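The values are calculated or read from the model by the stated rules, or taken from the named source; none is laboratory data. Since this is a predicted model, take the numbers as computed values, not measurements. Cβ atoms come from the backbone with ideal geometry, glycine included; neighbour counts cover every protein chain shown. For accessibility, only protein heavy atoms count, side chains too; no ligands or nucleic acids. Shrake-Rupley method; radii C 1.70, N 1.55, O 1.52, S 1.80 Å.
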Amino acid sequence: QEQLAESGGGLVQAGGSLRLSCAASGIIFRFNAMGWYRQAPGKQRELVASITSGGIPNLADSVKGRFTISRDNAKNTVYLQMNSLKPEDTAVYYCNALWRTDDYWGQGTQVTVSS
């Protein structure tokens, strides 16, 4: 059974930091490109950061310089380190795994940044 389990969300003040984790099971993790998406109320889901199976990261312009994505293939886990958080970063954050036509999503974790 394929499963992605996000953790690490919560409430933080503007300027603070959070680290999201996504633990994968039931997939060949090292083959998968991994991504973090977010969806704010009334908005479309958007890509925040992704990392290839080879470890090459890509970040949305809105989070460059503040967020970092990394992966630990030994732990089947991908991380999103979020620093200098802003109220506009408030959203549900989703983990995604992609390999060929296999596309899996976690259930999401809420991040709320207060001003």
- Query: With every protein chain in place, what's the accessible area of TRP105 (1.4 Å probe, Å², nearest 10)?
  - Reply: 100 Å²
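On average, how much accessible surface per residue is there in the chain, in Å², for a 1.4 Å probe, leaving out ligands, DNA and RNA? If you can, show how the numbers build up before the last one.
Working: 6300 Å² over 115 residues.
Here the residues of the chain average 55 Å² of exposed surface.
What's the carbon and sulfur percent of the range 1-94's accessible surface, probe 1.4 angstrom, rounded to a whole number?
Numbers: 2330 of 4960 Å².
Answer for the range 1-94 is 47 percent, counting heavy atoms of protein chains only.
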- Task: Starting from the Cα of LYS43, draw a straight line to each of the lysines and keep only those under 22 Å, dropping any in the same chain fewer than 8 residues away.
- Result: LYS64, LYS86
- Work out, step by step, the length gained on full extension between ALA74 and ALA60: first 0.36 nm times the residue separation, then minus their alpha carbon distance; give nm to one decimal. 2.4 nm
- Query: Can you give the accessible area of TYR104, probe radius 1.4 Å, in Å² rounded to 10?
  - Reply: 60 Å²
- Between GLN39 and SER115, what FRET efficiency comes out of the Förster formula 1/(1 + (r/R0)^6) with R0 = 25 Å and r the beta carbon distance, rounded to 0.05? 0.80
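Which net charge results for the neighbourhood of TRP36, defined as the other residues with beta-carbon distances under 14 angstrom from its beta-carbon, given Lys and Arg at +1 and Asp and Glu at -1? Can you show the working numbers first?
Values: positive: ARG19, ARG38, ARG45, LYS64, ARG66, ARG71; negative: GLU6, GLU46, ASP89.
Charge balance near TRP36 sits at +3.
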- Message: Give the separation of the Cα centroids, the range 48-115 to the range 1-21, in Å.
- Response: 9 Å
- Once all protein chains are kept in place, ARG45 shows an accessible area at probe 1.4 Å, nearest 10 Å², of 100 Å²
